[in-house]
Amino acid sequence: MKTRRARMILPFEKFANHVFERAYEAAKTEARKKSIADIRMLLKVVALSPSITRTKIGNNKTPIVLHHWVTLRCNASCEQCLWKDNSRPQMKTDEIKKFYTEAAEAGIVSTLIGGGEPQLRSDIGEIYRHAKEECGWKVGTATNGFFVEKRIDEFGDYLDTIVVSFDSADPKKHDRIRGIDGLFERAYNGLKKIKKEYPFIHAVINTCLDNNSVDEVEDIIALADELGVPVSFDVITTVQHTADKGTIDKKSHLIDSYERVGEALHKIIEAKKRGAVVFNSEHYLNHFECGKQPYECRYPHVFLRVMPDGDVEDCMQIDNPIGNVLETPIAAILSSERMEQFRRNAAKCCSCSSPTMIDSSYFYDNPVGLISELTVKRRKNPA
Ligand SMILES: C[S@@+](CC[C@H](N)C(=O)[O-])C[C@H]1O[C@@H](n2cnc3c(N)ncnc32)[C@H](O)[C@@H]1O
Ligand code: SF4
Ligand code: SF4
């Protein structure tokens, strides 16, 4: 079994400082709206964290997380997928490393590397390593698990979090949805190996919640329990926005009713109360209680989305990128009027149903809520 090498602490402190500074501001300005308990607890945390409060994250135009679609190529063909594209060009290793370093200098403190299937890239180990060791980032990645068992020794040392997708607890159904025979078994074995040999990696399974999985949440929770990892649920996003053709509905055939989603999330809340290790926030699990609810998207305040070819994507018009990291310095992209326009437009959008967007938006505006969410007491024993 491996143990984690010494970590750089500064990026975490920067991230935590950002959260605490915003929480403190909110506590000052919105004190009347917040519960006394939240504020007391917040002050306690701040008082206990002198090293955190001393560090500074810079200006609030810098997102915290680089959301890097490192490739859109994929060996699977999942029914729900909005992103797979085997023809989109992708940056070379050195180009990625250079732009990561620049992003770190601009104030980014962590990365989530997804796609496509990131581990299809032969250089993915070097990309994770650069993010971890040269940029000092927290490194998370999402994968279908096909290559994990075979390749984890190349990159296990550089990962903080790995999210492995399971669309069903039934191996045959999972393989059918994803279009690869034997994928369930490979993902399962990969996770087992991580648990045994890389226990310092925070491993999670993720399930896209749609017609295929909505009646299966309890079985999926049991699968996570069997694997000894938390599970997160991610309600399917069905549309994409373009400048040319407006909003394109691609996947709404995969969701019959948000009422069923609400019911499934309710079951998840109940399981969580009984002690199931569910990674979703209480806020997210309650979000769909009365159907799909509006929210003001703050995704671009928290994440910088870079596509495989270096385009900084404006998800309100995916055919009209904000800039390209190979052509324009990241700091200039972040402070551009075009980026401002994107942030303003995003605030009017609530198309995405993923926790990534819903939670980051809510907690960006309500940081005290984040702190109370993080300190919710978990009951231990499943009934
Ligand atoms: C896009 S994939 C990228 C990483 C990797 N290829 C994988 O499947 O895990 C990341 C996660 O997004 C989920 N996903 C795919 N299409 C989605 C959609 N339309 N809405 C919400 N989540 C989706 C996948 O099931 C997967 O768990
Ligand atoms: S494995 Fe991931 S990227 Fe590939 S098709 Fe499935 S969801 Fe999309
Ligand atoms: S909800 Fe946010 S992340 Fe999703 S498409 Fe709209 S602006 Fe983009």
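Here, each number is a calculation from the coordinates, and none is a lab measurement. Treat the numbers as computed from the prediction; the structure is a model and nothing was measured. All Cβ positions, even for glycine, are placed from backbone atoms using ideal geometry, and neighbour counts span all protein chains on display.
Quick one: pull the percentage of alpha-carbon pairs in the range 146-301 with a separation above 26 Å. Roughly 34 percent, rounded to a whole number. The residues packed around K251, meaning those with a beta-carbon under 10 Å from its beta-carbon, carry a net charge of -2 if Lys and Arg are +1 and Asp and Glu are -1. Relative to the compact-globule estimate of 2.2 N^0.38 Å, the Cα radius of gyration of the range 258-300 comes out at 1.24.
Share of pairwise Cα-Cα distances greater than 19 Å in the range 92-165 is 27 percent (whole percent).
The three principal axes of the Cα atoms in the range 276-349 give end-to-end lengths of 46, 28, 21 Å, sorted in falling order.
Close amide-amide hydrogen proximity is noted between H67 and L112, L304, R305, V306, each under 5 Å apart and 5 or more residues distant or on a separate chain (H modeled in the peptide plane; Pro and chain starts excluded). Extension gain for the segment A332 to C350, taken as residue separation times 0.36 nm less the Cα-Cα distance, is 3.8 nm to one decimal. With the simple model of a label 7 Å out from the Cα in the direction of the Cβ, D181 to R151 spans 2.3 nm. Residues whose amide H falls under 5 Å from that of S232, counting only those 5 or more places apart or on a different chain, are I205, N206, T207, F279, with hydrogens built in the peptide plane.
With +1 on each Lys and Arg Cβ and -1 on each Asp and Glu Cβ, how big is the dipole of the range 247-307 about its Cα centre, in debye rounded to the nearest 20? Walk me through the numbers on the way to the answer.
Details: 10 positive and 8 negative charges, 52 e Å.
Around 240 debye, computed over the range 247-307.
When a footprinting reagent is the concern and you count Cβ atoms within 10 Å, what order do S353, S168, S122, S336 take, fewest first? Can you show the working numbers first?
Numbers: S353 25, S168 20, S122 10, S336 16.
Neighbour counts put them in this order, fewest first: S122, S336, S168, S353.
Amide H contacts of N324: V312, each under 5 Å away and 5 or more positions distant or on a separate chain (H built 1.01 Å from N in the peptide plane; Pro and chain starts excluded). Counting every Cα pair in the range 139-203, what percent are over 18 Å apart? Beyond 18 Å sits 30 percent of the P(r) for the range 139-203. Here the range 167-309 is assigned +1 on the Cβ of each Lys and Arg and -1 on the Cβ of each Asp and Glu. Its dipole about the Cα centre then comes out at about 420 debye.
Would you mind computing the Rg to Rh ratio of the range 260-383 from its alpha-carbon coordinates, Kirkwood style for Rh? Before the final figure, lay out each step's value.
Numbers: Rg = 17.6 Å, Rh = 16.4 Å.
A ratio of 1.07.
Within the range 131-156, whose backbone N sits under 17 Å from a point 7 Å along Cα→Cβ of T93? Of the residues in the range 131-156, 131-135, 151-156 have backbone N under 17 Å from the label point off T93. Using bins of 10 Å that start at zero, the share of Cα-Cα pairs per bin across the range 211-317 amounts to 12, 35, 32, 18, 2, in whole %.
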